[in-house]
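Engineer: Below are the structure tokens for one structure; questions will follow.
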Amino acid sequence: MTTPKSLQTALIHSDYQAPPGFSAFPNAIHHASTVLFKDVAAMRSGNWKDKNAYTYGLHGTPTTFTLEARLAQIEGGQYCLLAPSGLAAIAMANLALLKSGDDLLLPENVYYPNSELGRWLSQDFGITTRYYDPLIGAGIAALIQPNTRLIWTEAPGSVTMEVPDLPAICAAAHARGVLVALDNTWSAGLALRGFDLGADIVMQALTKYQSGGSDVLMGCLTTREPALHDRLALAHMRLGLGVGADDAYLVLRSLPTMKLRFDAHDAGARAVAGWLKGRQEISTVLHPAFEDCPGHDIWKRDFTGAGGLFSVLFDASYTEQQTDRFVDALKLFKIGYSWGGANSLVMPYRIAGMRKGWRHGGQLVRFNVGLEAPQDLIADIEQAFAAM
Ligand SMILES: *Cc1c(COP(=O)(O)O)cnc(C)c1O
């Protein structure tokens with residue numbers, strides 16, 4: 001110690017500094033609420049928006065700035081903002097871009113909590129929320145009103161898997177000055193280039209493939225336009241949407257393997273879905289790479305891959321009791337929401353009650369194919385069919 005201090009103070013103030021120049025592959029985990037300024041002038045000139053400087057833990061650290069930059073690069077965007085969950089990222093976009101008197105359009109198959117948020121905005125915030133057929137394409141032009149500000153798209157819808165015509169929706173929206181946000185979680189930003197197809201904002205639930213470990217909740221919004229980023233960043237600041245440093249590190253740690261994992265999920269899911277397609281228990285395979293799936297041609301045109309997530313419709317002769325027995329009989333597929341981790345998951349949905357205008361009969365069951373050997377997953381499904 002160079003300056004004499006009482007032990008009590010010395011416990012808090014130390015003169016030791018680690019030698020500079022350390023270099024290693026992992027990113028440093030910077031935990032910080034308080035960020036220190038060199039002097040008063042540096043504090044006074046500090047701006048929370050400036051990603052070349054630090055002002056407060058909520059506004060960014062080297063760890064979160066690094067993650068944002070990597071995510072923007074994957075998505076083909078310029079700017080990225082992290083949020084504590086995928087749903088928080090959705091809420092950030094809505095609160096940044098909508099005010100009382102505005103109109104919001106959501107697809108009928110939208111991620112359920114997003115539609116729940118839309119209902120809240122309608123009930124209590126003077127924003128109208130209307131729902132459109134996800135296969136509407138250019139027909140969305142007829143739904144756009146002078147006060148419509150934002151259209152959410154989801155490619156594909158996360159339970160019923162319809163693939164929307166994003167370029168057609170974006171063209172109709174942009175002709176009327178309406179912004180389009182894309183929930184691109186299904187393809188992890190790897191198999192669908194949202195900005196190239198016209199989206200203004202691309203959202204990810206980083207909880208899924210970016211985490212890859214079933215252990216982190218996080219989301220983000222990526223943009224290309226600086227003015228749009230600024231509007232989102234203001235809401236991010238006003239709402240205090242910080243993420244924890246350790247969580248950011250876990251996502252940074254998983255990103256290098258994401259493409260390999262995604263491709264393995266894709267291959268496994270297509271093997272399982274292809275086997276299911278040949279079974280008499282299943283009437284329809286709702287996997288965008290299969291012809292049964294509404295919007296399959298659009299998937300072929302716009303996507304370069306698929307992920308691990310798809311749904312099936314059972315033959316209408318099977319009751320809910322039977323398909324529940326099937327789900328309970330599965331051993332490798334665990335019953336749980338979310339996806340993108342190594343473990344396979346399954347979830348039955350009472351879709352007719354959730355989806356206005358759902359025309360199909362038969363029980364809907366959603367599979368998330370993890371990283372297990374596909375033949376073991378198929379054997380698991382086969383024994384569960386027998387138990388049904
Ligand atoms: C999981 C998910 C979300 C929400 O992410 P959370 O981090 O769980 O809030 C949003 N959209 C889609 C399509 C998702 O799969």
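Engineer: Give me the 1.4 Å probe accessible area per residue for the chain, excluding ligands and nucleic acids, in Å².
Structural biologist: Each residue of the chain exposes 46 Å² on average to a 1.4 Å probe.
Engineer: For the range 334-382, which trypsin sites (Lys or Arg not before Pro) pass both filters: DSSP loop (anything but H, G, I, E, B) and at most 16 other C-beta atoms within 10 Å?
Structural biologist: Hits after loop and neighbour filter: 350, 356, 359.
Engineer: Report, in debye and to the nearest 20, how large the dipole of the chain comes out about its Cα centre when Lys and Arg carry +1 and Asp and Glu carry -1 on their Cβ. Kindly include the intermediate steps, with their values, before the conclusion.
Structural biologist: Values: 32 positive and 37 negative charges, 149 e Å.
In debye, rounded to 20, the chain gives about 720.
Engineer: Can you compute the FRET efficiency between residue 37 and residue 78 using 1/(1 + (r/R0)^6), with r the Cβ-Cβ distance and R0 = 30 Å? Round to the nearest 0.05. Display every interim value, and only then the final one.
Structural biologist: Working: r = 28 Å, r/R0 = 0.92.
Taking R0 as 30 Å, the efficiency between residue 37 and residue 78 is 0.60.
Engineer: If you don't mind, another one. Could you name the lysines whose alpha carbon sits less than 22 Å from that of residue 49, not counting residues in the same chain fewer than 8 places away?
Structural biologist: 38
Engineer: Can you tell me the dipole magnitude for the range 258-387 around its Cα centre, using point charges on the Cβ only (Lys, Arg +1; Asp, Glu -1), in Debye to the nearest 20? List each step's numbers first, then the result.
Structural biologist: Values: 15 positive and 15 negative charges, 81 e Å.
In debye, rounded to 20, the range 258-387 gives about 400.
Engineer: Indicate, rounded to the nearest 5 percent, the antiparallel portion of the DSSP beta bridges found entirely in the chain.
Structural biologist: Rounded to the nearest five, the antiparallel share is 60 percent.
Engineer: Using only the Cα atoms of the chain, each taken as one equal point scatterer with no solvent, compute I(q) by the Debye sum, divide by I(0), and report log10 of the ratio at q = 0.06, 0.09, 0.14 Å⁻¹.
Structural biologist: -0.27, -0.58, -1.20
Engineer: Just the ratio, please: alpha-carbon radius of gyration of the range 258-387 over 2.2 N^0.38 Å, N its number of residues.
Structural biologist: This ratio for the range 258-387 stands at 1.00.
Engineer: While we're looking at this one, here's another question. Please report the orientation-averaged projected area of the range 67-137, defined via the convex hull of its C-alpha atoms, in nm². Numbers along the way, then the final one.
Structural biologist: Details: hull surface 23.0 nm².
Averaged projected area of the range 67-137's Cα convex hull equals 5.7 nm².
Engineer: While we're on this one: How much solvent-accessible surface does residue 246 expose, in Å² to the nearest 10, with a 1.4 Å probe and all protein chains in place?
Structural biologist: Around 80 Å² of this residue is reachable by solvent.
Engineer: Computed FRET efficiency, Cβ-Cβ of residue 343 and residue 29, R0 30 Å: what is it to the nearest 0.05?
Structural biologist: Efficiency at R0 = 30 Å is approximately 0.70.
Engineer: On to the next question. For the range 248-294, what % of the accessible area comes from carbon and sulfur atoms, probe 1.4 Å?
Structural biologist: Here carbon and sulfur together make up 54 percent of the probe-accessible area.
Engineer: Just tell me the longest site-free run in the chain, where the sites are chymotrypsin sites (Phe, Trp or Tyr not before Pro) in a DSSP loop having at most 10 other beta-carbon atoms within 10 Å.
Structural biologist: Here the longest run is 23-336.
Engineer: Positive end of the charge dipole of the range 1-131 (Lys, Arg +1 and Asp, Glu -1 on Cβ, about the Cα centre): tell me which of 58, 37, 16 has its Cα farthest that way.
Structural biologist: 16
Engineer: Related question: For the range 162-301, what value does the Rg/Rh ratio take when both radii are computed over Cα atoms and Rh is the Kirkwood radius, given to two decimals?
Structural biologist: That ratio is 1.02, to two decimals.
Engineer: Something else now. Given the options 306, 173, 373, state which has the largest fluctuation in a GNM of the chain using a 10 Å cut-off (strictly under) for Cα springs.
Structural biologist: Per the Cα network of the chain with a 10 Å cutoff, 373 tops the list.
Engineer: In whole Hz, what ³J(HN,Hα) sequence does the range 376-388 give by Karplus (6.51, -1.76, 1.60; θ = phi - 60°), x for Gly and Pro?
Structural biologist: Couplings: 6, 5, 5, 4, 4, 5, 4, 5, 6, 4, 5, 7, 6 Hz.
The values are calculated or read from the model by the stated rules, or taken from the named source; none is laboratory data. These numbers were taken from a predicted model, which means no experiment stands behind them. A quick note on method: Cβ atoms are made from the backbone with ideal geometry, for glycine too, and the neighbour counts reach across all protein chains shown. To get the accessible areas, we keep the full protein, side chains included, count just its heavy atoms, and leave off ligands, DNA and RNA. Shrake-Rupley method; radii C 1.70, N 1.55, O 1.52, S 1.80 Å.
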